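As structure tokens, the structure follows; a few thoughts come after it.
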Amino acid sequence: MRAIHGVGAVAAGVVAAVVLSGCGSDDGKPAVGLSPSAAPSAEVAEPEEPTAEPEPVYPVGPEGEIDELADEKGWVVDDLYESASGFVQDICDSLPTSGAGGASRPQWLAKSGQLEGDGAAVLTMGVPKLCPEWSKAVKQAVAGKYERSFGDGTYVVSSKPPTAEETEEGVVTIPPGTYRAKGRMEDCYWERTSKGGGIIDNQFATSAQSITVTIAPSDGQFTAERCEVWKPVK
């Protein structure tokens with residue numbers, strides 16, 4: 001028998017196609033092709049280029065110089081102020097009246113917390129630009145070399161400043177020495193006590209213009225009420 005070439009090949013191809021089309025479906029429906037090439041391709045979004053932050057613009061003048069240098073150094077001031085120059089200007093405005101009652105300006109700067117953090121650096125740089133007349137007070141406050149004066153209150157007698165723990169507890173120290181209070185004083189009372197609390201010396205002045213007290217190194221505490229500011233006698 002002669003083989004019929006071509007016809008058999010075509011038939012075989014038809015059978016194969018039918019078999020393939022019937023696979024993968026039990027309900028008689030043709031299977032859906034899962035060829036990767038046939039799957040729809042998702043569009044990949046190109047990454048957005050980061051937007052560059054605008055360069056800060058500083059005002060012309062000393063305020064701008066202060067703010068620019070503070071930003072370069074990374075100095076931070078209290079959130080109360082919008083800028084380093086605003087902080088410096090506030091201190092310049094406060095210094096003329098900060099010594100009301102006799103307290104020295106450097107003492108006010110040091111005790112009021114203005115030098116904490118980057119405050120010392122900002123004021124050392126900025127005060128000479130905005131209020132140079134107070135530059136010396138800032139330097140003395142930063143160095144801790146200034147005249148101390150004392151108002152009403154109870155002080156622990158010590159030549160050393162209080163520790164951080166004592167400060168948190170409200171302890172304030174006064175160095176031994178001679179102090180004088182001047183001004184119109186009515187019902188001024190002061191007392192020196194031992195470390196155990198016993199009264200060593202005291203005075204009640206119904207009216208006085210000047211009172212001098214010497215605090216000994218062995219004293220425990222010094223208390224003053226309704227008196228003027230006590231300043232060291234040089």
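The values are calculated or read from the model by the stated rules, or taken from the named source; none is laboratory data. In this text, all values refer to a predicted model and were calculated from it rather than measured experimentally. Glycine gets a Cβ as well: all are built from the backbone with ideal geometry, and neighbour counts include every protein chain shown. Accessible surface is based on the protein model in full, side chains and every heavy atom, while ligands, DNA and RNA are left aside. Shrake-Rupley method; radii C 1.70, N 1.55, O 1.52, S 1.80 Å.
Close amide H pairs (under 5 Å, H built 1.01 Å from N) link GLN203 with TRP190, residues at least 5 positions away or on another chain. In order along the stretch 167-176, the Karplus-derived 3J(HN,Hα) couplings, from 6.51 cos²θ - 1.76 cosθ + 1.60 at θ = phi - 60°, round to 4, 4, 7, x, 6, 10, 9, 9, x, x Hz, and Gly and Pro are given as x. Applied to the stretch 144-155, the Karplus parametrisation 6.51 cos²θ - 1.76 cosθ + 1.60 on θ = phi - 60° returns per-residue 3J(HN,Hα) values of x, 10, 7, 6, 9, 10, 9, x, 5, x, 10, 10 Hz, with x for Gly and Pro. On the beta carbon distance between SER135 and ILE199, with R0 = 45 Å, the FRET formula returns roughly 0.50. In order along the stretch 63-75, phi translates into HN-Hα couplings of 4, x, 5, 5, 5, 5, 5, 4, 5, 4, 7, x, 6 Hz, rounded to whole numbers, per the Karplus curve 6.51 cos²θ - 1.76 cosθ + 1.60 with θ = phi - 60° and x for Gly and Pro. Counting only residues at least eight positions apart within a chain, or on another chain, the lysines with an alpha carbon under 19 Å from that of LYS111 are LYS136, LYS139, LYS145, LYS160, LYS231.
Surface composition of the stretch 101-234: carbon and sulfur make up 49 percent of the accessible area, probe 1.4 Å. Ordering 175-181, 196-202, 119-125 by mean Cβ neighbour count within 10 Å, with the highest value first, yields 119-125, 175-181, 196-202. Equivalent ellipsoid of the stretch 54-134: semi-axes from √(5λ) of the C-alpha gyration tensor, largest first, are 24, 13, 10 Å.
Let a ≥ b ≥ c be the square roots of the eigenvalues of the Cα gyration tensor of the stretch 128-234; is it rounded (a/c under 1.5), or, if not, prolate (a/b larger than b/c) or oblate?
Note, shape of the stretch 128-234 comes out oblate.
Each of SER210 and VAL233 was given a label point 7 Å from its Cα along the Cα-to-Cβ line. The distance between the two points is 1.0 nm.
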